[in-house]
Amino acid sequence: MKKSIYLISPNKIEKKFYNDLQKVLKTQKVKFFQLRLKKTPKKTILLVAKKIKKITNRFNVKLIINDDPLIAKKINADGCHIGQNDFSFNFSKKLLKNKIIGKTCHGSKKLVDLAIKNNADYIAIGSFFKSRLKPNAKKARLEIISYVKKKTKIPIVVIGGINPNNYRRLLNLGANYIAISSFIWNNPFLKPGDAIKKFIK
């Protein structure tokens, strides 16, 4: 289970978050950290991203900015995650050159084929289970994982309602990374540093 977690930030960053993030990254389970703040002014995202970058650097975790290659460029993040309605993939690739560009493909073979054609650095597919982060997300079928595996060696990030009871199934099917957020940051029973430990080797 070493470094197979793709951790997504909570929707809102509060003061105690930075301390929690350090405890979570200290476990050495996280490979990528995505900063995803949908309703936050760009100025604030920039300030938060700079603080987070210092922490991710210390723990050798790749910092990915959701939706915005311009912010990724400004803070020299490790990459950017592009959804279907964000900046174009080609624009992001040109702007960020050799950085990581990941692409959301939901459960669509057509979008997967396009991401392969564009030479994405990883392909994000889901939602596989009911997700608190995206409650209205369309469900993806498990077969999409083997579809991607047959077509490409590009790493697969699986997303959507992933928890300690269901993540192994996705990894066994061939997913490379599991994206998690709510189980870590909005867990009513466990602190973030303890919640991450539930994902064991």
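The values are calculated or read from the model by the stated rules, or taken from the named source; none is laboratory data. Everything quoted here is computed from the prediction, not taken from an experiment. Ideal geometry is used to build each Cβ from the backbone, glycine not excepted, and the neighbour counts take in all protein chains shown. Remember, those area values only see protein heavy atoms, side chains included, never the ligands or the DNA or RNA. Shrake-Rupley method; radii C 1.70, N 1.55, O 1.52, S 1.80 Å.
A few comments on the model shown:
- Criterion: over 26 Å from N186 (Cβ atoms), in contact (Cβ under 8 Å) with a residue 12 or more places away in the chain and in a strand (DSSP E or B) - qualifying residue of I125, I101: I101
- Restricting the stretch 62-81 to residues that are of a type in the set (D, E, K, R) and assigned to a helix (DSSP H, G or I), the residue that is most open to solvent (accessible area, probe 1.4 Å) is K74.
- Of the criteria (1) in contact with a helix residue (DSSP H, G or I) (Cβ under 6 Å, 6 or more places away or on another chain); (2) open to solvent by less than 70 Å² (accessible area, probe 1.4 Å); (3) outside any strand (DSSP E or B), which one F87 fails: (2)
- Subset of the stretch 46-61 (residues that are surrounded by 18 or more Cβ atoms within 10 Å (Cβ to Cβ) and not in a helix (DSSP H, G or I)): V61
- Taking the listed residues I144, I184, the one that is of a type in the set (A, V, I, L, M, F, W, C), open to solvent by less than 50 Å² (accessible area, probe 1.4 Å) and under 24 Å from F17 (Cα atoms) is I184, with no other qualifying.
- Verdict on Q34 being under 19 Å from I159 (Cβ atoms), polar (S, T, N, Q), open to solvent by 30 Å² or more (accessible area, probe 1.4 Å) and in contact with a strand residue (DSSP E or B) (Cβ under 7 Å, 6 or more places away or on another chain): no
- Neighbours by Cβ (under 6 Å, 6+ apart or cross-chain): first from the stretch 42-64, polar (S, T, N, Q); second buried (at least 16 other Cβ atoms within 10 Å of the Cβ): T56/F33; T56/L63
- Residues in the stretch 32-45 that are outside any helix (DSSP H, G or I) and charged (D, E, K, R): R36, K38, K39.
- Scan of the stretch 152-201 for residues that are among the charged types (D, E, K, R) and either within 17 Å of the chain's Cα centre (by Cα) or closer than 30 Å to K117 by Cα (or both), ordered by number: K153, R168, R169
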